[in-house]
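A short write-up of the structure that comes next.
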Amino acid sequence: MRWILTCFLSWRALAAPGTAAETARAIRENVFDRDECYRVRDLTVIRHDIRVYLTDGYLIFSKPVAGRRTAAAFTTEVEGGDGEVIVMPPNRAERRSLASYIDAPTLDEHFRNALFLSAADLYAEVMAQMNSNPANRKVPEMGPVLDEAWSPVLRNLSASYETRLVLDAVDAAGSGSGLFAGLFTGLKLGNFDVVYDPRAAERISVGQVANRDNRTYFDVWTSFEPRSQPRRTAPLFGTEAALSDYRIEATVEPDLNMTAITRVKITPVGDGLRVLPLDIARAVRVQSATVDGRPAEVFQRDALRANLGRGGNEMFLVLPPEPLRAGRTYEFEFHHSGNVIHDAGDRVYYVTARGNWYPANGLQYASFDLKFRYPRDLDLVSAGEVVEDATEGEWRSTRRRTSVPIRVAGFNLGSYHHVHAARGPYVVEVYANRSLEKALQPKPRETVVLPAPPFPRPRRNNVETVPLPQQEPPPSPAGRMQALATEIGSALEFMAGKFGPPALPFLTVSPIPGAFGQGFPGMIYLSTLSYLRPNTAATPKLDQRQELFFTEILEAHETAHQWWGNLVNADGYHDYWMMEALANYSALLYLEKHKGARSVEQVLEQYRDDLLAKSEAGQTVDSSGPIVLGPRLESSLEPRAWRAITYGKGSWILHMLRRRMGDERFLSMLAELRRRYERKEISTEQFRLLAAGFLPPKSDDPKLEAFFEQWVYGTGMPSLKLTWSLKGKLPALRVVGTVTQSELGEDAGVLAPVEIQLARGKSVVQWVRTSSDPATFTVPVRQAPLKVSLDPHCGVLRRP
Ligand SMILES: [Zn+2]
């Protein structure tokens, strides 16, 4: 009875206006309770695959927040003190990942200290075990010591998790099954985090903050779904509701501050939704929200701290005036403002929040009606077709509408020149800055520090970077504008011919200071360096590789994202590599069309060399981990790994599939991929099955299982050697050969093509399955071959 009463009271308290803000304050200001300090032995805290043993030490609880003591600290700093945390990843890939960081496939670490945050009542959980050991007792004399040592740490950690904890506190479904975070100081491993989050795509994760070369990384040691709990108890982040029909009115003030009203239709997935988590750029404050015209509470924390598990966004919460019903559509209105545009000098602007300047719930397809009001001496571009454009006094306003649903709407502004090119049914508009950003101007030499990309990295939205060349250029950014329009138009037409129509028929291309590009639906941001005419006295000296990247690959790569990443999407972060690999390989197909096959092979050889580059410890970049680790590859272990593997090895994977299939089948596969997965997500396994369907009949490895095991789920690059001789006499004449493999593991092998060149330009390709033993082959021939060569056209990724 009392339990029911308590729940009722806390529910009432939570339902009051301003609830989230009050809860947040209580969480932020929470401290340890000096009267709740214990000497404990043999207590266990279990969250699915996470086991924490409080073997011998002191334990102190926090004061209650909304009736629950949700934090505790444990220290082993007593004679014989001990604590231990064990996490066993459920599969080989995750055990390997863990081992690459801690040299062991299982986390089993004794620790000195631990701090726990939990949405459940930790106190009740632990107290239930307290009587099991007579040595457990209250030690009030230790209370002040532990409180003083641990309350600042608690405040720090609570601030990091503030919005997440408020979400659990306000969302009734979260209580008892919400977030659990343990921050440990291990005896060998230093500080590390172990987290169970029922709203994360992979609910259990273990990782560590690490610094390398003045950069901070969050190394994800392992991340997986619990074995013991196949069913999810809370909705996944970004799937709480369906969002559609965006109508945004935004004003860019002369000081570049943006204020906006976003109206959007929201349909909850689950019933009784009391709190809706949404994303927005950290620089944007949401001032107010209404649901069907009635005020709703908005909670957005003040601190500009890293936000865990929410991509490049800050999570904020909306608490509607009453719980929302599943399947009913509500009209939400948000008022927000922020500084999402930076001045890079000389009227060159840098939009920092390109994909998250308005509220969203994950990436969902929606129609957009965008009205921008801005100073009349500026130009502002966004996705969609212009439906209104007017100037009044000092202001200009432009309204654009997208003709089909898109997942993300970007905008850009500047003082632009512009040209356009029509290619069949497609229109490409290219905008260029009238002047060059300060960072690229010759003198005075100045470095513009670009704002850091949103954490962890905005690559779900297709961003690529290369190191910025440090040169001294004074060129005109409009120099290649017309050429760019023609090239992008031609790339768009080329790809539309291969993959079907793009995301939108209108493509706007505009510049972004820095050394990267980003491909949104109907809108491409292109590095200013791509606008500069290469190889003139006036332009920055790019090395051959940078030149190829900025003037050939980047623009085609971003164009290709109209299909890969905007029309077809990745299922999860493990699958995102396909979007980058497909975009990059589409750019290479386009490069091949106008520069020839050899230029593509040269790019692939460069990618191979990047994969073979060695770390200080003598490890190759490739060995950092399989491509399916996705953004986790960008770690302190090897900062080069994400790019080299995602783009480089990703391109190789597609190229190898093409060599196995032949050009015609490969291109049919890409067209089918678009057809079958248009406005859908594809997983790596779905891609394997799709690709296997395009192998020639009677292929070795007909389901591509060995291929994916080696190249997608595995690492390593073989060294291969061919020896051969001509045996027998006609009609039994034959080429007999051996391919010897080294540098791969015992059980590993690859399929390698041996090309036998015959007279009159004819050739036969024999695929040979290699292994740790020499692989022999016999090919009957009717004449002596002119040449027998191992893999002359990048059919297999191997050491030179
Ligand atoms: Zn990309």
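A few comments on the model shown:
- Qualifying positions in region 460-484 - modelled with pLDDT under 70, crowded, with 18+ Cβ neighbours inside 10 Å and more than 31 Å from the chain's Cα centre (by Cα): 473, 475, 476
- Check on residue 261, within 30 Å of residue 103 (Cβ to Cβ) and aliphatic (A, V, I, L, M): no
- For region 556-598, the set of residues classified as away from the ligand (no atom under 12 Å from the Cβ) and either closer than 18 Å to residue 530 by Cβ or open to solvent by less than 10 Å² (accessible area, probe 1.4 Å) (or both) consists of 567, 568, 569, 588, 590, 591, 594, 595, listed by residue number.
- Region 31-81 - residue that is assigned to a loop (DSSP other than H, G, I, E, B) and open to solvent by less than 50 Å² (accessible area, probe 1.4 Å) and, of those, nearest to residue 165 (Cα to Cα): 70
- Cβ pairs under 8 Å, 6+ apart, first in region 216-237 and more than 16 Å from residue 106 (Cα to Cα) and at pLDDT below 90, second assigned to a loop (DSSP other than H, G, I, E, B) and of a type in the set (Val, Ile, Thr): 235/269
- In region 344-384, the qualifying residues are those that are among the polar types (S, T, N, Q) and surrounded by fewer than 23 Cβ atoms within 10 Å (Cβ to Cβ), and the one that is farthest from residue 428 (Cα to Cα) is 361.
- Cβ-Cβ under 6 Å pairs, at least 6 apart or on other chains, region 514-539 side more than 19 Å from residue 402 (Cα to Cα) and of a type in the set (Phe, Trp, Tyr), far side at pLDDT 85 or above and within 16 Å of the ligand (Cβ to nearest atom): 516/527
- Number of the exception - residue 114 against (1) hydrophobic (A, V, I, L, M, F, W, C); (2) open to solvent by 40 Å² or more (accessible area, probe 1.4 Å); (3) at pLDDT 95 or above: (2)
- Test: residue in region 614-626 that is among the charged types (D, E, K, R), in a helix (DSSP H, G or I) and away from the ligand (no atom under 13 Å from the Cβ): yes
- Residue count for region 701-737, restricted to those that are assigned to a strand (DSSP E or B) and either more than 18 Å from residue 792 (Cβ to Cβ) or among the basic types (Lys, Arg) (or both): 6.
- Considering residues of region 485-517 that are within 16 Å of the ligand (Cβ to nearest atom) and within 21 Å of residue 367 (Cβ to Cβ) only, the residue surrounded by the most Cβ atoms within 10 Å (Cβ to Cβ): 507
- Unmet requirement for residue 551, which otherwise passes all of (1) within 15 Å of the ligand (Cβ to nearest atom); (2) farther than 16 Å from residue 654 by Cα; (3) more than 25 Å from the chain's Cα centre (by Cα): (1)
- Residues (of a type in the set (D, E, K, R) and open to solvent by 10 Å² or more (accessible area, probe 1.4 Å)) located in region 312-334: 322, 325, 328, 331, 333
- Residue 765 meets all of the listed conditions (1) assigned to a loop (DSSP other than H, G, I, E, B); (2) within 29 Å of residue 712 (Cα to Cα) but one, namely (1).
- Being among the small types (Gly, Ala, Ser), under 23 Å from residue 495 (Cβ atoms) and crowded, with 17+ Cβ neighbours inside 10 Å is true of residue 650.
- For region 381-399, filtering for residues that are at pLDDT 95 or above and either touching a Leu at 6+ places or on another chain (Cβ under 9 Å) or of a type in the set (Ser, Thr, Tyr) (or both) leaves 5.
- Within region 151-205, being farther than 15 Å from residue 117 by Cβ, of a type in the set (Gly, Ala, Ser) and open to solvent by less than 10 Å² (accessible area, probe 1.4 Å) holds for one residue alone: 186.
- Only one of the numbered conditions (1) open to solvent by 20 Å² or more (accessible area, probe 1.4 Å); (2) over 30 Å from residue 321 (Cα atoms); (3) of a type in the set (A, V, I, L, M) is violated by residue 122, and that is (1).
- Residue match in region 89-106 (condition: assigned to a strand (DSSP E or B) and touching a Phe, Trp or Tyr at 6+ places or on another chain (Cβ under 9 Å)): no
- Taking the conditions (1) crowded, with 17+ Cβ neighbours inside 10 Å; (2) without any contact (Cβ under 8 Å) to a residue 24 or more places away in the chain in turn, residue 103 satisfies each one other than (1).
- The conditions of being surrounded by 18 or more Cβ atoms within 10 Å (Cβ to Cβ), modelled with pLDDT under 55, within 16 Å of the ligand (Cβ to nearest atom) and under 32 Å from the mean Cα position of the chain (by Cα) are not met by residue 407.
- Any hit, region 92-99, residues being surrounded by fewer than 23 Cβ atoms within 10 Å (Cβ to Cβ) and of a type in the set (Ser, Thr, Tyr): no
- Filter result for residue 451 (more than 16 Å from the ligand (Cβ to nearest atom), more than 32 Å from the chain's Cα centre (by Cα) and at pLDDT below 55): no
- In region 228-252, the residue that is farthest from residue 170 (Cα to Cα) out of those that are of a type outside the set (Lys, Arg) and open to solvent by 60 Å² or more (accessible area, probe 1.4 Å) is 249.
The values are calculated or read from the model by the stated rules, or taken from the named source; none is laboratory data. Fair warning: this is a prediction, and the values are worked out from it, not measured in the lab. No Cβ is skipped: glycine too gets one built from the backbone with ideal geometry, and neighbour counts run over all protein chains shown. Side chains are part of the model used for accessible areas, which takes the heavy atoms of the whole protein and leaves out ligands, DNA and RNA. Shrake-Rupley method; radii C 1.70, N 1.55, O 1.52, S 1.80 Å.
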